[in-house]
Amino acid sequence: MSADVIEHLQRVDVFAGLNDEELHRVAAICKPIRLAAGHVIFEEGADGDELMIILEGCVRISLNTRSPQGNMASTTINMLYTGQSFGEMVLLGGATRSATVTCVGPCALLVIREHDFATICEENPRIGYRVMRNMASDLVYKLRSSNLLLRGNIRWQQGELGKH
């Protein structure tokens, strides 16, 4: 595996605290891919078994929502950038995608399949522990961001934000 992949993994929050040997183990199961702007990486509700790490670019996380008029629309709930990961819920036992992820511009990603990750975690439980702990922290951040957006949207719909 190239030194570039290991350098990228060292800067990814979910792999914080892994030593060089452990990072080499993770790098060995990474598959690099490049995607064009506008490419839908996966859709909300789809089955999935891959964690993705952004090497370059930005992705939009969106949910299908219903407007007060009953129309379905895509609503952006977060933007993720270089060094961030997504799709991690598959590593925690959730195989159905909770949101749609789309490339904002051209993206370079590292893909880790759940089965491959589970195998290295069984062989080296410390990798699993560190990654799961880091993912829990990252998911808390994402949940708080989503909750703030939702809270603001509810307040806006109830007219609280337009009153003086």
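Only the coordinates and a few stated rules stand behind these numbers; no lab work does. Since the model is a prediction, treat every value here as computed from it, not as a measurement. As a convention, Cβ positions derive from the backbone with ideal geometry for all residues, glycine included, and neighbour counts pool all protein chains shown.
Rounded to the nearest 500, what is the 222 nm mean residue ellipticity of the chain from helices alone, with -39500 (n - 2.57) per DSSP H run of 4+ residues and division by all residues?
Calculated at 222 nm, the ellipticity per residue is -11500 deg cm²/dmol.
For the pair Glu56 and His39, how long in nm is the line joining their label points, each one 7 Å along Cα→Cβ?
1.2
Compute the length gained on full extension between Tyr81 and Leu150: take 0.36 nm times their separation in residues and subtract their Cα-Cα distance, giving the result in nm to one decimal.
My answer for the length gained is 22.7 nm.
Scaled to the compact-protein estimate 2.2 N^0.38 Å, what is the alpha-carbon radius of gyration of region 36-109, rounded to two decimal places? Before the final figure, lay out each step's value.
Working: Rg = 12.6 Å, N = 74, 2.2 N^0.38 = 11.3 Å.
Normalised by 2.2 N^0.38 Å, the Cα Rg of region 36-109 equals 1.12.
For Val140, Val12, Val5, Val111, what's the fewest-to-most ordering of other Cβ within 10 Å of each Cβ? It would help to have the intermediate numbers written out before the result.
Working: Val140 10, Val12 22, Val5 19, Val111 16.
By the 10 Å Cβ count, ascending, the order reads Val140, Val111, Val5, Val12.
Rounded, prolate or oblate: which fits region 112-159, taking a ≥ b ≥ c as square roots of the Cα gyration tensor eigenvalues, rounded meaning a/c under 1.5, else prolate when a/b beats b/c?
The shape class here is prolate.
To two decimal places, what compactness ratio does region 27-164 give when its Cα radius of gyration is scaled by 2.2 N^0.38 Å?
Relative to the 2.2 N^0.38 Å estimate, region 27-164 comes out at 1.18.
Classify region 53-95 as rounded, prolate or oblate, taking a ≥ b ≥ c as the square roots of the eigenvalues of its Cα gyration tensor: rounded when a/c is under 1.5, otherwise prolate if a/b is larger than b/c and oblate if not.
Since a/c reaches 1.5 but b/c is at least a/b, the shape of region 53-95 is classed as oblate.
Over the chain, with a Gaussian network built from C-alpha contacts below 10 Å, which listed residue (Cys121, Cys30, Cys58) shows the highest mean-square fluctuation?
The residue with the greatest mean-square fluctuation here is Cys121.
In nanometres, what is the gap between the two model label sites at Thr65 and Asn19, each 7 Å from Cα along Cα-to-Cβ?
4.7
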